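Enquirer: Dropping a structure here in structure tokens format, bear with me for questions.
The values are calculated or read from the model by the stated rules, or taken from the named source; none is laboratory data. Predicted model, so just to flag it, every value in this text is computed and none were measured. Cβ sites come from the backbone with ideal geometry, for glycine too, and all protein chains shown count toward neighbours.
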Amino acid sequence: MSKYNPELYRQRYYIEVTCVDCGQKRSVSKYNAKFGKCDRCKPCSWRKHSANFRGANNWNWQGGNTYDSHGYAIVKIYPDSPFFSMSMNKYRILEHRLIMAKSLGRPLISSEVVHHLNGIKTDNRIENLGLVNRKEHSHNTFVKLLQKRIIELEGK
């Protein structure tokens, strides 16, 4: 019985191929080469594959917007911004608060609440936003809920 020779084994079962993107040479099995699985090296293959699933091609794409658990739009803010003091953790800020702050020309304090007049949380036009304090906001919300319930009961 002959002794195992790794070089002979490589010659029999592996061939040398070149990556079509970067030109790197590497050894691949003859089996993979036969079925065309070796035209790209791993880094180039991953780059090509991941590019197909970025942005709008990603299964979790939401139109480029990020939303919190309550349905409000979130935007990224950087430390050089004058409104950075209003940011939440990890450089994030609620979009409607940022829009109101920019229209006022100053950062909002924590007791100021930006209210969506039409009740749609993603409608962040300045015409749809109003600035109120927490007490007024909770009172207005409670009154609207009562009005909605009255209309519901009258319809029955």
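Enquirer: Would it be correct to say that ASN65 is surrounded by fewer than 11 Cβ atoms within 10 Å (Cβ to Cβ) and modelled with pLDDT under 90?
Expert: So ASN65 fails the test.
Enquirer: At pLDDT below 85 and under 19 Å from the mean Cα position of the chain (by Cα): does that describe ASN89?
Expert: In short, yes.
Enquirer: Criterion first (modelled with pLDDT of 80 or more, of a type in the set (Gly, Ala, Ser), under 32 Å from the mean Cα position of the chain (by Cα) and farther than 25 Å from LEU129 by Cβ) does ALA73 satisfy it?
Expert: Judged against the criteria, ALA73 is not a match.
Enquirer: Checking the structure you have, find out if any residue of the range 93-102 is surrounded by fewer than 17 Cβ atoms within 10 Å (Cβ to Cβ) and at pLDDT below 90.
Expert: No, because not a single residue in the range 93-102 is surrounded by fewer than 17 Cβ atoms within 10 Å (Cβ to Cβ) and at pLDDT below 90.
Enquirer: Starting from residues that are exposed (fewer than 12 other Cβ atoms within 10 Å of the Cβ) and among the small types (Gly, Ala, Ser), keep the ones in the range 103-139 and report whichever is nearest to ASN65 (Cα to Cα).
Expert: Per the stated criteria, the residue is GLY119.
Enquirer: Check every one of the strands (runs of 3 or more DSSP E) wholly within the range 92-150 and list those with 2 or more residues that are among the acidic types (Asp, Glu).
Expert: In the range 92-150, no matching strands (runs of 3 or more DSSP E) lie anywhere.
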